[in-house]
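The values are calculated or read from the model by the stated rules, or taken from the named source; none is laboratory data. Owing to the predicted nature of the structure, the values given are computational and were not obtained by experimental measurement. Here the Cβ positions follow ideal geometry from the backbone for every residue, glycine too, while neighbour counts run over all protein chains shown. For accessibility, only protein heavy atoms count, side chains too; no ligands or nucleic acids. Shrake-Rupley method; radii C 1.70, N 1.55, O 1.52, S 1.80 Å.
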Amino acid sequence: MSGMECENQTSLTEFVLTGFPYPENLKGPLFIFFLLVYLLTLLGNLLILLVVVSSPQLHKPMYWLLCYLSLLDMSVSSVIVPKVIAGFVEGGGVISFGGCVCQLFFFHFLGCTECFLYTVMAYDRFLAICKPLHYGTIMNRRTCLLLGVGTWIGGCLHSMMETTLIFRLPFGWRNQVNYIFCDIPAVLKLACANTSLNEKVTMIDVGMVATACFFLILTSYVCIVPAVMKICSVEGRQRAFSTCTAHLTVVVTYYVPLVFIYLRPGSQGALDGVVAVFYTSLAPLLNPIVYTLRNKDIKVALTRLSSRTSAF
């Protein structure tokens, strides 16, 4: 930011989210598209929750973790997408300073928590496939609760540090966030101070969390794959591979945008916005679809639920 802008520091009360560039004639179709995506995201993830809760045969750690993932997906989508939809109506999304702080905090809180959750899900698959005789003893209700609470605490600490470091910086008169929501790279560009420390901390913090979690997930699957190949029955192997490929699919859809946005040098602005649309809007919709299509138990439970519903 220029010296003149720094001299004209003011107490900002709001930011303007400029979103991503699009032709004016696409405003209506984009509004409908994002509204449908958001509604389908809520519906799909609520359906997963309903199916698991209403099916006693699914009351297992794997499916409770899947419920947890559905809650996180709905929350991430609800933090970002409604404001994007409002931007199409208002011609630009205005968000208060406090709202921007909350949006950034909750996005990173939920996103980091989801990163830890994928690691816990990989650990659950490792125990179920590699140590089936000890699975029930190790992965009991208390362990699930502790792991769940641990992901929330880890996500909260990460987000508190990032949010505090950013919003302690002074801001000038510019308030246009060239992004679809208040995120670290976009907000830092408006700061009226040297942001090199923030950029380094963000890259190191996000990099360490992502790398550690990815390494643990990779280690789990290095053990899982040989164990699956030793399963005698074809059906058993297919069942194990089905649950693992579903998990790996959602891990890939999580990590690729994360690396692209936060861990690569430089920024391409509009392209980052397009990736953010997938990360915040489409990925939460895809997760329940992936698990429904790849998991036989959920498909059976969903059929039973549909039969009971139609009977009424």
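Before moving on, here are some points about what is shown:
- Here the range 70-96 is the region considered, the condition is being among the polar types (S, T, N, Q) and in contact with a helix residue (DSSP H, G or I) (Cβ under 6 Å, 6 or more places away or on another chain), and the residue that is most open to solvent (accessible area, probe 1.4 Å) is Ser75.
- The range 106-125 residues that are within 12 Å of Leu147 (Cβ to Cβ) and open to solvent by less than 20 Å² (accessible area, probe 1.4 Å), paired with ones that are of a type in the set (Lys, Arg) and not in a helix (DSSP H, G or I) (beta carbon under 9 Å, 6 or more apart): none
- Scanning the range 146-158 for residues being open to solvent by 30 Å² or more (accessible area, probe 1.4 Å) and either among the small types (Gly, Ala, Ser) or at pLDDT below 90 (or both) gives a total of 1.
- Among residues of the range 20-55, those that are in contact (Cβ under 8 Å) with a residue 60 or more places away in the chain, within 22 Å of the chain's Cα centre (by Cα) and part of a helix (DSSP H, G or I), counted: 12
- Pairs where the first residue, in the range 136-147, is within 13 Å of Met62 (Cα to Cα) and free of Cβ contacts under 8 Å to residues at least 40 places away in the same chain and the second is open to solvent by 60 Å² or more (accessible area, probe 1.4 Å) and not in a loop (DSSP other than H, G, I, E, B), C-beta under 8 Å, 6+ apart: Leu147/Tyr123
- When restricted to residues that are touching a Leu at 6+ places or on another chain (Cβ under 6 Å) and surrounded by fewer than 18 Cβ atoms within 10 Å (Cβ to Cβ), the range 23-53 contains 1.
- Flag if Leu258 is assigned to a helix (DSSP H, G or I), closer than 30 Å to Val16 by Cβ, out of contact with any Pro (no Cβ under 8 Å at 6 or more places or on another chain) and not basic (Lys, Arg): yes
- Of all residues in the range 159-188, those being touching a Cys at 6+ places or on another chain (Cβ under 8 Å) and buried (at least 16 other Cβ atoms within 10 Å of the Cβ) number 7.
- Phe260 being touching a helix residue (DSSP H, G or I) at 6+ places or on another chain (Cβ under 7 Å), modelled with pLDDT of 85 or more and open to solvent by 20 Å² or more (accessible area, probe 1.4 Å): no
- Scanning the range 189-243 for residues that are aromatic (Phe, Trp, Tyr), at pLDDT 85 or above and surrounded by 13 or more Cβ atoms within 10 Å (Cβ to Cβ) turns up Phe214, Tyr221.
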